[in-house]
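Down below is the structure, laid out as structure tokens.
The values are calculated or read from the model by the stated rules, or taken from the named source; none is laboratory data. Source: prediction; values computed, not measured. Neighbour counts are summed over all protein chains in view; Cβ atoms, including those assigned to glycine, are modelled from backbone coordinates with ideal geometry. For the accessible areas, the whole protein counts, side chains as well, though only heavy atoms, and no ligand, DNA or RNA atoms are used. Shrake-Rupley method; radii C 1.70, N 1.55, O 1.52, S 1.80 Å.
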Amino acid sequence: MTAPSRPQAGALADHFESLFSEDADPWGYRTRWYERRKRAQILASLPAERYARVFEPACANGELSADLATRCDRLLCSDGSATAVAHARRRLAHLPHVDVDCAQIPADWPEGRFDLVVLSEIGYYLDDHALRQTIARAVASLAAGGTLLASHWRHPEGDYFRSGDDVHWLMSAVFQEHFGWTRLLRHEEEDFLVEVWSLDGRSVARREGLRP
């Protein structure tokens, strides 16, 4: 999980381009049991079995994308690194319901409505303004009853603006102050956090009609 020392904000695009040019899997998403297990936890945390349309920004080389693709009818992925996008497109080429775009968030937020937005390992790279904008655009793009999932590593890294804990603290504060959403789940381990928010505050059992 160790990346090179942190660049200035304006150099992040070049930083990631360099990372993915040198290594198609710089964080071991494909090879580490930690990463496979974390992805399984992310999928298990989703309150619905299936989603019509999903957006995953900062998709990196597409490993989480491949798992999300098993849970939706359409998946849009994006990344700010053209090289990462090329890796992701190769990884996902066998999935016709998946599109991968080269785009920066929050500036290049896609049009249309989504039932699920997944923010995985991205919040630490955004300053306060960009992170708040990202949350606002995610909320605005979600369909009625839509879901937002966030997952982040909890330990220091050289290229972060903030810790994973700080990302989730700020997201929770913004949701409580401005959107009135319900946090459906918080999965906390020593190494990572997963949280899920929705305007539909019903538990999975209530959604399934198992309880009133």
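Distant-in-sequence amide contacts of ALA58, defined by a placed amide H-H separation under 5 Å and a gap of 5 or more residues or a different chain, comprise SER78, ASP79, GLY80. Isolated cysteines of the chain, defined as having no other cysteine beta carbon under 4.7 Å away, are CYS72, CYS102.
Computed from backbone phi with θ = phi - 60° and the Karplus coefficients 6.51, -1.76 and 1.60, the 3J(HN,Hα) list for segment 68-84 is 4, 4, 6, 10, 8, 7, 9, 10, 10, 10, 8, 8, x, 9, 4, 5, 4 Hz; x is used for glycine and proline. The ALA144 and VAL204 beta-carbon pair, evaluated with R₀ = 30 Å, returns a calculated FRET efficiency of approximately 0.95.
Remark: segment 144-156, residue by residue, has Karplus-estimated 3J(HN,Hα) of 4, x, x, 10, 10, 10, 10, 9, 8, 5, 9, 10, x Hz, where x stands for each Gly or Pro and the curve is 6.51 cos²θ - 1.76 cosθ + 1.60 at θ = phi - 60°. The distance between label points at ASP127 and GLU188 comes to 3.0 nm (points 7 Å beyond Cα on the Cα→Cβ vector). With angles folded into 0 to 90 degrees, how steeply does helix 164-174 sit against the dominant principal axis of the chain? Use alpha carbons for both and round to 10. Orientation of helix 164-174: about 40 degrees from the principal axis.
Using a simple spin-label model with pseudo-atoms 7 Å out from Cα toward Cβ, TRP33 and SER172 lie 3.0 nm apart. Taking the 0 to 90 degree range and rounding to the nearest ten, how far is the long axis of helix 12-22 tilted relative to the main principal axis of the chain, both from C-alpha atoms? Orientation of helix 12-22: about 70 degrees from the principal axis.
Could you look at the chain and say what percent of its accessible area is carbon and sulfur, using a 1.4 Å probe and all protein chains? That fraction is 49 percent. Working note: 222 nm ellipticity from helices only, DSSP H runs with n ≥ 4, each -39,500 (n - 2.57), summed and divided by the residues of the chain, gives -9500 deg cm²/dmol to the nearest 500. What residue among LEU46, LEU12, LEU68 has the largest mean-square fluctuation in a Gaussian network model of the chain, using Cα springs under 10 Å? Maximum among the listed residues: LEU12.
With 5 Å bins beginning at zero, the pair-distance distribution over Cα atoms of the chain amounts to 1, 7, 15, 20, 23, 18, 10, 4, 1, 0, 0 %. Restricting segment 65-151 to trypsin sites (Lys or Arg not before Pro) that sit in a DSSP loop and have at most 14 other Cβ atoms within 10 Å of their own Cβ leaves ARG113. Backbone amide hydrogens, once placed in the peptide plane, bring CYS72 within less than 5 Å of TYR51, excluding anything fewer than 5 places away on its chain. Shown in residue order for segment 44-55 are the 3J(HN,Hα) couplings computed by the Karplus curve 6.51 cos²θ - 1.76 cosθ + 1.60 at θ = phi - 60°: 5, 7, 6, x, 10, 6, 8, 10, 6, 9, 10, 10 Hz (x for Gly and Pro).
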